[in-house]
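Have a look at the structure below, then the notes.
The values are calculated or read from the model by the stated rules, or taken from the named source; none is laboratory data. Only a predicted model underlies this, so the values are computations on that prediction, with no experimental measurement involved. Heads up, the Cβs are rebuilt from the backbone with ideal geometry, glycines too, and the neighbour counts pull from every protein chain shown. The accessibility values were calculated without ligands, DNA or RNA, using every heavy atom of the protein model including side chains. Shrake-Rupley method; radii C 1.70, N 1.55, O 1.52, S 1.80 Å.
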Amino acid sequence: MLFSVYPRALALFYRSVLPLTGLLSAIIVGADRVSAGLLGTPWPPPLSAGLVLLKLSTFPLAAYLLRRMRPHQYGFYRNLHLAPWQLWAFVAVLDTGLFGGLMTMLHLLFA
């Protein structure tokens, strides 16, 4: 197996789960905005461990929902010798990094 296939397969999987993980990120940012407005705290907050842990806690929900909506999605990746945990580990690292970058950028621009 060529090593160039793995990054493309991981990118394909990430692209397929991006709408759901993006929606969950938007819900987190929106809920944070609403709670900041209700509590009178400044928004956007700096990136904190709480926000990162909140984002990481959404991945089991995303994996469950995608498993229910597309039960046969892992067959293609199993043929490429990629286990579901390898796919989700890549998604968790990349998506959490992008979420952290977004929150940091919002904090630098609007604070």
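From the list 21, 104, pick out the single residue that is of a type outside the set (A, V, I, L, M, F, W, C), touching a residue at least 40 places away in the same chain (Cβ under 8 Å) and in contact with a helix residue (DSSP H, G or I) (Cβ under 8 Å, 6 or more places away or on another chain).
21
Using beta carbons and a limit of 9 Å, which pairs, at least six apart or on different chains, have the first residue in region 44-73 and aromatic (Phe, Trp, Tyr) and the second one at pLDDT 95 or above and surrounded by 10 or more Cβ atoms within 10 Å (Cβ to Cβ)?
59/21; 59/24; 59/88; 59/91; 59/92; 59/95; 59/96
For residue 39, indicate whether it is open to solvent by 70 Å² or more (accessible area, probe 1.4 Å) and within 12 Å of the chain's Cα centre (by Cα).
Criteria not met by residue 39.
Is it the case that residue 45 is open to solvent by less than 70 Å² (accessible area, probe 1.4 Å), in a loop (DSSP other than H, G, I, E, B) and of a type outside the set (Phe, Trp, Tyr)? Steps first, please.
On the way: open to solvent by less than 70 Å² (accessible area, probe 1.4 Å): yes; in a loop (DSSP other than H, G, I, E, B): yes; of a type outside the set (Phe, Trp, Tyr): yes.
Spelling it out, residue 45 is indeed open to solvent by less than 70 Å² (accessible area, probe 1.4 Å), in a loop (DSSP other than H, G, I, E, B) and of a type outside the set (Phe, Trp, Tyr).
Can you pull out the residues in region 15-34 that are over 14 Å from residue 62 (Cα atoms) and among the β-branched types (Val, Ile, Thr)?
Passing the criteria: 29, 34.
Give the number of residues within region 72-111 that are of a type in the set (Phe, Trp, Tyr), surrounded by 12 or more Cβ atoms within 10 Å (Cβ to Cβ) and over 12 Å from the mean Cα position of the chain (by Cα).
Residues meeting the conditions: 3.
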